[in-house]
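Notes to accompany the following structure.
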């Protein structure tokens, strides 16, 4: 039978309430290697009728691989993740559903009820999230009357009790995880306020030597910086998704030490350990060698936080490399480090004839005092750990 015939037969069985028959028909399309996204979606629905959630998830993942913005599949995936108490991933899928639905000229009638349910579930998840944060902050000693006004305001913004006003910049601070209120606006941060940076620049040769040895012995540890994953929906396309044009090897990745890379780069590790790295469990620091191939470009984007600085120490730099942060563009030069606020829109490029490689890491903004760092760390660790499947 052809794919259209199998699809119609499977749908008819589903509509008649014959889940097992529908599942067998859609599975026949899969086994015959003629299944399209709609057949996989039918298989997911049939598996759900039979309460076989693992099989339904496999099928809906196949749909999303072929059609990342399939609304029905995103809703099913969100429901499955919610059923596993993976609140973060469920929320990500539900929010993408609402963003995509808002772009439709007309919402299909069969989706209207599902969209209402998605909105209700997101409201419930928001209430659970706020209580989770409140309880966690209380457990680490947060008292509003004893905390800085800007942290209190940031918490209010995160909780939705306040709204951010217009910052008056063409490229405002726009972090997509946490906004710390009243952080001074910079594109590139003043180097004189980071006294350790000059010393680090003096170790450029040493760090590059360790990078060269790493490339000679562990080139396999350089992997795409931007990679796909079905647990987090793809909200936007990027030419660098799973691309070898922009690769990295981590010493710390999202706060986790990468022991084998550290062993290859002991002096770089020692130098990094002496810096005010942003230590937030599950999130930061990330310390890595970032390699951008000749002719590649990192598209404009913003980072997670505005309470940290992203630092670059250029190591191998052909002509034609640069970085734009906000309205300011600089040429990349070997051994000349800089720090910038990556919550401001930025992009990088390599117009040269060989790879550009930098040491990239993140540090606290020096304006923050110890109490603010402690509370931000506690808050973001609670955010990072909220509703994740162990």
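Being at positive phi and assigned by TED's automatic domain parsing to the domain that holds residue 99 is a property that holds for residue 33. Is it the case that some residue within segment 295-311 is in the same structural domain as residue 252 (by TED's automatic domain parsing), more than 19 Å from residue 204 (Cβ to Cβ), in contact with a helix residue (DSSP H, G or I) (Cβ under 7 Å, 6 or more places away or on another chain) and surrounded by 15 or more Cβ atoms within 10 Å (Cβ to Cβ)? Yes: segment 295-311 contains one or more residues that are in the same structural domain as residue 252 (by TED's automatic domain parsing), more than 19 Å from residue 204 (Cβ to Cβ), in contact with a helix residue (DSSP H, G or I) (Cβ under 7 Å, 6 or more places away or on another chain) and surrounded by 15 or more Cβ atoms within 10 Å (Cβ to Cβ). With respect to (1) within 28 Å of residue 325 (Cβ to Cβ); (2) out of contact with any helix residue (DSSP H, G or I) (no Cβ under 9 Å at 6 or more places or on another chain); (3) at pLDDT below 90; (4) assigned by TED's automatic domain parsing to the domain that holds residue 361, the lone exception for residue 219 is condition (1). Considering (1) within 18 Å of the chain's Cα centre (by Cα); (2) farther than 23 Å from residue 224 by Cβ, the lone condition that residue 288 does not fulfil carries the number (2). Within segment 231-260, residues that are assigned by TED's automatic domain parsing to the domain that holds residue 210 reach partners that are assigned to a loop (DSSP other than H, G, I, E, B) and at pLDDT below 55 with beta carbons closer than 7 Å, at six or more positions or on different chains, in the pairs 234/228; 241/228; 242/227; 242/228.
Taking residue 88 as the residue in question, decide whether it is closer than 28 Å to residue 119 by Cα, more than 34 Å from the chain's Cα centre (by Cα) and at pLDDT below 95. No, not satisfied. Scanning segment 187-201 for residues that are over 30 Å from residue 166 (Cα atoms), surrounded by fewer than 16 Cβ atoms within 10 Å (Cβ to Cβ) and either under 28 Å from the mean Cα position of the chain (by Cα) or without any contact (Cβ under 8 Å) to a residue 60 or more places away in the chain (or both) yields a count of 3. Taking the criterion of being part of a helix (DSSP H, G or I) and farther than 17 Å from residue 62 by Cβ, the residues of segment 1-23 that qualify are 4, 5, 8, 9, 11, 12, 13, 14, 15, 19, 20, 21.
Checked against (1) within 23 Å of the chain's Cα centre (by Cα); (2) surrounded by fewer than 20 Cβ atoms within 10 Å (Cβ to Cβ); (3) touching a residue at least 24 places away in the same chain (Cβ under 8 Å), residue 34 passes all but a single condition, namely (1). A count restricted to segment 1-20 and to residues that are surrounded by fewer than 16 Cβ atoms within 10 Å (Cβ to Cβ) and in contact with a helix residue (DSSP H, G or I) (Cβ under 7 Å, 6 or more places away or on another chain) stands at 1.
If you check 271, 313, 275 for being over 19 Å from the mean Cα position of the chain (by Cα), assigned to a loop (DSSP other than H, G, I, E, B) and modelled with pLDDT of 95 or more, only one passes: 275. The single residue among 211, 215 that is without any contact (Cβ under 8 Å) to a residue 12 or more places away in the chain and surrounded by 14 or more Cβ atoms within 10 Å (Cβ to Cβ) turns out to be 215.
The values are calculated or read from the model by the stated rules, or taken from the named source; none is laboratory data. Owing to the predicted nature of the structure, the values given are computational and were not obtained by experimental measurement. Every residue, glycine as well, gets a Cβ built from its backbone with ideal geometry; the counts of neighbours run over all protein chains shown.
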